[in-house]
Amino acid sequence: MPARRLLLLAVLALAVLTAPGTAAADDYVPGQVIVKYRDGATASAAKAAKSTTTLPGGSKQLHLRSGHSVREAVRELRRDPDVEYAVPNMVAHASFVPNDPGFAKYQWNFAGPPGFGINMPEAWDLAAQLGAPGARGAVVAVIDSGVAYENRGRYRRAPDLRRRTFVKGYDFIGHDRHPDDVYGHGTHVTGTLAQATNNGLATAGIAYNARIMPLRVLDSEGSGDSAAIARAIRYAARHHVDVINLSLEFPSDVRASEIPEVLSALRFANRRGVVVVAAAGNQADSTVAYPARAGSVIAVGATTVNGCEADYSNAGHDIDVVAPGGGLDATSDDPTDSARCNHDNGRPIFQQTFTRGVRHFGLPSDYEGTSMASPHVAGIAALLIATKRLGPHPSPAAVKARIEQTASLHDLGPPGFDTRYGWGLVDAAAALR
């Protein structure tokens, strides 16, 4: 927000405190007044108050009787010489709410409480206050089907992805320096991470000022082999990325002994200080799929608009956290889910990607999965690193611990860690506080 807009808000707030009648009705809580009595004075509540709550600083929160106005109660209290101040119970609003038309319309996954998004408006504010708006300075490798990141030949950059967002990547399928997407998956994942934000177009991105390294390992059918994936992980680590997102999975019955080169690459990335985030898998299995199952990786399950386990999401003892992935609620007999789950009104995750061919873009309504959940967590990791919230060079273990610790504030299952939701639903703002 421009500095002059912030100044204007501050002036308006001061005007409200000195003349509460000028405040709009949605600037303060109806029927509530905050009053502070001078030291040693005997508190005499306003005639209109039906109850009083004492606040930690010694002031009183008055709850007015029905039909009594905040304006009149404040005026009455200010006439009392024993009152130090009397003010409405003011309401704060997130100062950064992007003007992207799809944000308010579609992106339930970015909303804050009381919904089941990841609390992005407050997180964007905090990142700016910490000197890294939109994770400016962080680099995230997207190891996927490539990205619609350049205008070259038949390819077009997605309209809501900026050219300067990208650093040089590599195509491990075509073996060249042009990891252009022909499948759409990687472009969608990149949108969640770093789609241009507050530009009046399409939807918003979590780490909208981060740089993205596109690394193509999935072909036009969305398939890729372990050798290409291992090479891409090592490439990203050698080129000093901060975070790797792996929105891909092997079948959940694949064992560690069958993908030694991938696990070796993950250990290499961990030693290089790279945070690796991966999708838990979409087989509705009780086992987390590799590469998410690897111990150094943040394994991400998927939740729905209702804050429930998604019906496709893998789970199990290796799940770390959950994030919005869209779709329908999983059927559950767990009493902790009974009040909100088992509904049929699922919603997808919207980001800009192909609608047909590689030259036509939109906001398709059929993207859901742990692939969509994973970049939510990768974006939070980028924000943590860019803001230096955990110090100048936080270890992957420290970033993982912070994300898990703050996810526990939204513990969707039984108390503590559980095998369906891990430590809980990630919260970007809580991670940055």
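Rank-order 152-159, 203-210 by packing density, defined as the average count of other C-beta atoms within 10 Å over each peptide's residues, highest first. Present the calculation step by step, with values, prior to reporting the outcome.
Values: 152-159: 14.9, 203-210: 27.9.
Top of the packing list down: 203-210, 152-159.
Sorted into 5 angstrom bins from 0, the C-alpha pair distances of region 249-301 split as 4, 24, 30, 24, 12, 4, 1 percent.
For region 343-412, the spherically averaged projection of the C-alpha convex hull amounts to 7.1 nm². The mean sequence separation of alpha-carbon pairs under 8 Å and at least six residues apart, normalised by the residue count of the chain, gives a relative contact order of 15 percent. Relative to a virtual label point 7 Å from the Cα of A256 in the Cα→beta-carbon direction, which members of region 279-295 show backbone nitrogen distances below 20 Å? Under cut-off, by backbone N: 279-281, 286-295. Here the Debye sum runs over all C-alpha atoms of region 389-433 as equal scatterers in vacuum, and log10 of I(q)/I(0) at q = 0.28 Å⁻¹ comes out as -0.94. So which residue, out of D242, D344, D329, gets the largest mean-square fluctuation from a GNM of the chain using Cα contacts under 10 Å as springs? Residue with maximal mean-square fluctuation among D242, D344, D329: D344. Taking label positions 7 Å along the Cα-Cβ direction at both T53 and K388, the computed distance is 3.8 nm, reported to one decimal. Across D253, D160, D27, mean-square fluctuation computed from a Gaussian network of the chain (C-alpha pairs under 10 Å connected) peaks at D27. Axis of helix 3-18 versus longest Cα principal axis of the chain: the two differ by about 30°, to the nearest ten degrees.
Please determine, in degrees from 0 to 90 and to the nearest 10, the orientation of helix 226-238 with respect to the longest principal axis defined by the Cα atoms of the chain, where the helix direction is its Cα long axis. Roughly 60 degrees between the two axes.
Between helix 185-194 and the chain, what is the angle of the helix's C-alpha long axis to the longest principal axis, kept within 0 to 90° and rounded to the nearest 10? Roughly 30 degrees, rounded to the nearest 10. Between the amide H of V139 and those of R211, D242, V243, distances stay under 5 Å, these residues lying 5 or more places away or on another chain, with hydrogens modeled in the peptide plane. Taking amide hydrogens as placed 1.01 Å from N in the peptide plane, the amide H of A310 sits under 5 Å from those of A302, T303, T304, A330, each at least 5 positions away in sequence or on another chain.
What residue among V167, V139, V243 has the largest mean-square fluctuation in a Gaussian network model of the chain, using Cα springs under 10 Å? Highest fluctuation among the options: V167. Normalised by residue number, the volume inside the convex hull of the Cα atoms of the chain is 160 Å³ per residue.
For Q61 and R152 in one chain, what is 0.36 nm times their gap in residues minus the Cα-Cα distance, to one decimal in nm?
On the way: separation 91, 0.36 × 91 = 32.76 nm, distance 6.23 nm.
Result: 26.5 nm gained on full extension.
The local environment of G346, defined by Cβ-Cβ distances under 10 Å, has a net charge of -3 under the rule Lys, Arg +1 and Asp, Glu -1.
Using the Kirkwood radius over Cα pairs, work out the Stokes-Einstein diffusion coefficient for region 281-433 at 20 °C and 1.002 mPa s, in µm²/s as a whole number.
Details: Rh = 15.9 Å.
Here the translational diffusion coefficient equals 135 µm²/s.
Shown here are the Rg and Dmax of the Cα trace of region 180-311, at 15.2, 49 Å.
Enumerate lysine pairs in the chain that are 8 or more residues apart or on different chains, then count those whose Cα atoms are under 28 Å apart.
Counting lysine pairs in the chain gives 8.
Sorting H239, H410 by accessible area (1.4 Å probe), largest first, what list results?
On the way: H239 90, H410 55 Å².
Of H239, H410, the descending order of accessible area is H239, H410.
How high is the relative contact order of region 190-242, in percent, with contacts defined as C-alpha pairs under 8 Å that are six or more residues apart? Answer for region 190-242 is 23 percent. The value of relative contact order for region 256-302, using C-alpha pairs under 8 Å at least six residues apart, is 36 percent. A convex hull fitted around the alpha carbon atoms of region 101-171 yields 135 Å³ per residue. Sorting 256-263, 126-133, 180-187 by their mean Cβ neighbour count within 10 Å, with the most densely packed peptide first, gives 180-187, 126-133, 256-263. Couplings 3J(HN,Hα) of region 316-328, computed from phi: x, 5, 9, 6, 9, 9, 10, 8, x, x, x, x, 8 Hz, in residue order, whole Hz [Karplus 6.51 cos²θ - 1.76 cosθ + 1.60, θ = phi - 60°; x for Gly and Pro].
Histogrammed with a bin width of 10 Å, the alpha carbon distances of region 268-363 distribute as 17, 36, 29, 16, 2 percent, first bin at zero.
The values are calculated or read from the model by the stated rules, or taken from the named source; none is laboratory data. Computed from a predicted structure; not experimentally measured. Here Cβ is always computed from backbone atoms with ideal geometry, including for glycine, and neighbour counts include all displayed protein chains. Ligands, DNA and RNA are excluded from the accessible area calculation, which covers all protein heavy atoms including side chains. Shrake-Rupley method; radii C 1.70, N 1.55, O 1.52, S 1.80 Å.
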